[in-house]
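Below you'll find the structure, written out as structure tokens, and then a few comments.
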Amino acid sequence: MKSIVYRYLLSLILVFSVFTSILPTIGLAQTSAGQDVSQYAKGLQTIEEKVEKRRQELGIPGMSLVIVKDGQIIYMKGLGYKDFEKQIAVTPDTQFAIGSATKAFTALSVLMAMDEGKVNLDDSPKKYLSYFKMKDADADKNMTVRDLMDHSSGLNRTDLAMITGRLNRQELIQTVGEAQPMAKLNEKFFYNNIMFAAAGEVVANVQKTTWEKYVPEKI
């Protein structure tokens, strides 16, 4: 299981698919500003070889890799296959699931709300989400907005609550709040998606909108 999670996280780090079709689709090319990047050819080739070797070692079917220097794209290429069985190659425009990269958007949106004076990281989530409650009395009393984003709630993954797809975020947060923690607050690291969802709902509440609307408008 750890191996699968590691592969998934690594692929998220290496995958970039936010570039439009007007950008070059070969590995080494002129940038959009016409800058000559041939001076980096040897180094880029070395990076590609090492990344490709590691991709194969980890069994990652395909990925996109982009390298940016001084605001200019100096390398962009697809490696491996987007359809392994049909041997369809990955390109720089291949779309990948964004996965937990959205946590960065959530964390940034919380800090933006903090800068606006709308959120205090040391406040209880209850100040912003009246329904927020944890089964553990200590966690329920002492958890802060900051704790929602550092995987220190003491709760394990608790992702089973999301499987049906029928629960909205409030219902998910309330359901997971009833789960028995694996540790005390701030005692151990346990990756938890729902606590991040709660942080997103804090933002939605203070910005008087939804997370889905706020993120593309402001980030």
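The values are calculated or read from the model by the stated rules, or taken from the named source; none is laboratory data. Please read all numbers here as calculations on a predicted model, not as lab measurements. Virtual Cβ from ideal backbone geometry, glycine too; neighbours counted across all protein chains shown. SASA here: full protein model, heavy atoms, side chains in, ligands and nucleic acids out. Shrake-Rupley method; radii C 1.70, N 1.55, O 1.52, S 1.80 Å.
Taking label points 7 Å from Cα along the Cα-to-Cβ direction, Glu187 and Asp36 give a separation of 6.4 nm. Solvent exposure of region 153-219 amounts to 58 Å² per residue of accessible area, where only protein heavy atoms count and the probe is 1.4 Å.
Do me a favour and compute the ellipsoid semi-axes for region 128-219 from its Cα gyration tensor, root of five times each eigenvalue, largest one first, whole Å. Intermediate values should be presented prior to the final figure.
Values: eigenvalues 96, 44, 29 Å².
Sorted largest first and rounded, they come to 22, 15, 12 Å.
Ranking of Val51, Val145, Val68 by solvent-accessible surface, largest first: Val68, Val51, Val145 (1.4 Å probe, protein heavy atoms only, all chains present). Taking the three principal axes of the alpha carbon atoms in region 79-181, the coordinate ranges are 54, 33, 23 Å, sorted in descending order.
The GluC sites (Glu not before Pro) of region 110-219 meeting both criteria, a DSSP state outside H, G, I, E and B (loop) and at most 14 other C-beta atoms within 10 angstrom of the site's C-beta, are Glu116, Glu178, Glu187.
Please identify the GluC sites (Glu not before Pro) of region 36-91 that satisfy two criteria: DSSP loop assignment and at most 10 other Cβ atoms within 10 Å. Which are they? Here the GluC sites (Glu not before Pro) that fit, given the DSSP loop and packing criteria, are Glu85. Of the residues Ile60, Ile88, ranked by 1.4 Å probe accessible area with the largest first, the sequence reads Ile88, Ile60.
Sparsely packed loop sites in region 130-219 (the chymotrypsin sites (Phe, Trp or Tyr not before Pro) outside DSSP H, G, I, E and B with at most 13 other Cβ atoms within 10 Å) comprise Tyr131, Phe189. Extension gain for Arg157-Asn142 works out to 3.4 nm (0.36 nm per residue, less the C-alpha to C-alpha distance). Of all lysines in the structure, those lying under 25 Å Cα to Cα from Lys213, and not within fewer than 8 positions of it along the same chain, are Lys103, Lys118, Lys126, Lys127.
Where the accessible area of region 59-148 is counted over protein heavy atoms with a 1.4 Å probe, how much of it, in %, is carbon and sulfur? Of all accessible area on region 59-148, carbon and sulfur atoms account for 53 percent.
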